[in-house]
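Taken together, the values in this text are just the output of simple stated rules run on the coordinates, not laboratory data. None of the values given here were measured: they were computed from a predicted structure. FYI the Cβ positions are ideal-geometry reconstructions off the backbone, even for glycines, and counts take in every protein chain you see.
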Amino acid sequence: MIGVTAQHVLITGVSAGFGHALALASLERGDTVYGISRKPPSELLAHERMRFATLDLRRFDDIAATLDVLLADAPRLDVVLLNAGVLGSLEDLAETSYDEVRAVMDINVWANKALVDALMARDLAVAHVVGISSGAAVSGSGGWGPYSISKAALNILLRVYAHEHPGTHFTALAPGVIETAMIHTILAQPENPHHEATSRVQAAGRKGLIQTPEAAAQRVLDCLGALRERYDSGAFVDVREM
């Protein structure tokens, strides 16, 4: 379905899962999509409104130069969807190495800092930055230490930017449980009464309550206008509570 007003949308992590679904849904609405991921989304590249750059977000020093090339002809960015993220190991925090925590923080927090800094330094209007967060950012459930900490840090990161860049609206958005490789990892975990978030996701799976990436993408794209109109810049919003 072609949208009434075509937009220019930057999306990270477009090679698979939720990011891929967001890119495809945006293209179907008539948007121009600027995609970033480590692997090319081959089936999307033939689309005339798809722009793509290969980038490993762990290489912070490459981010600004990559955006320079990818966004060379972009007149503006209506929406930036910071989707790329990693789960990390699911174990008690005392058993989690510092290297594991750093690896999760690098992708879920610091790569997004580098992306936002590079975007704000460009002579390019950016209307709305949406960081894909999680209910884990506030639940602090056992077993999800690095992921929960990183998403809580992402929420605060975007709130700080909301104060520092008042010309751009920032949102930390929890999209609900989505069927991705990350969720399949959680579903395969052994039962652990101390890991409540894992148990909740597994229960949702048994009840058939996990969203497809395609349904979740439509839901998120549909709510973008309400996020800007109804919530302050820097807010954390869960789509299930809108």
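Numbers below:
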{"item": "30 Å Cα-Cα reach of LYS207 towards lysines, excluding residues that sit fewer than 8 places from it in its own chain", "result": "LYS151"}
{"item": "Among beta bridges that DSSP assigns inside segment 8-241, antiparallel share in %, nearest 5", "result": "0"}
{"item": "Cα gyration tensor category, rounded, prolate or oblate, for the chain with a/c compared to 1.5", "result": "prolate"}
{"item": "Cβ crowding within 10 Å averaged over residues, with 6-15, 205-214, 72-81 ranked highest first", "result": "6-15, 72-81, 205-214"}
{"item": "FRET efficiency, ALA64 to ARG230 (Cβ-Cβ, R0 22 Å, nearest 0.05)", "result": "0.10"}
{"item": "Cα-projected label distance for TYR98 with ASP117, points at 7 Å along beta-carbon direction, nm", "result": "2.2"}
{"item": "Alpha-carbon Debye profile of segment 105-242, log10 I(q)/I(0) at 0.13, 0.19, 0.20 Å⁻¹", "result": "-0.60, -1.16, -1.25"}
{"item": "Loop-resident sites, segment 20-100, for GluC sites (Glu not before Pro), counting at most 13 other Cβ within 10 Å (DSSP)", "result": "GLU48"}
{"item": "Cα extents of segment 1-101 along the three principal axes, largest first (Å)", "result": "51, 29, 24"}
{"item": "Cα-based reach from LYS39 at 14 Å (exclusive), listing aspartates and glutamates while leaving out same-chain residues under 8 positions away", "result": "ASP56"}
{"item": "Segment 148-221 pair-distance distribution - Cα-Cα, 5 Å bins, rounded %", "result": "3, 14, 18, 18, 18, 13, 9, 5, 2, 0"}
{"item": "Packing-based ranking, highest mean first, of 19-25, 114-120, 53-59 given that Cβ atoms within 10 Å are counted", "result": "19-25, 114-120, 53-59"}
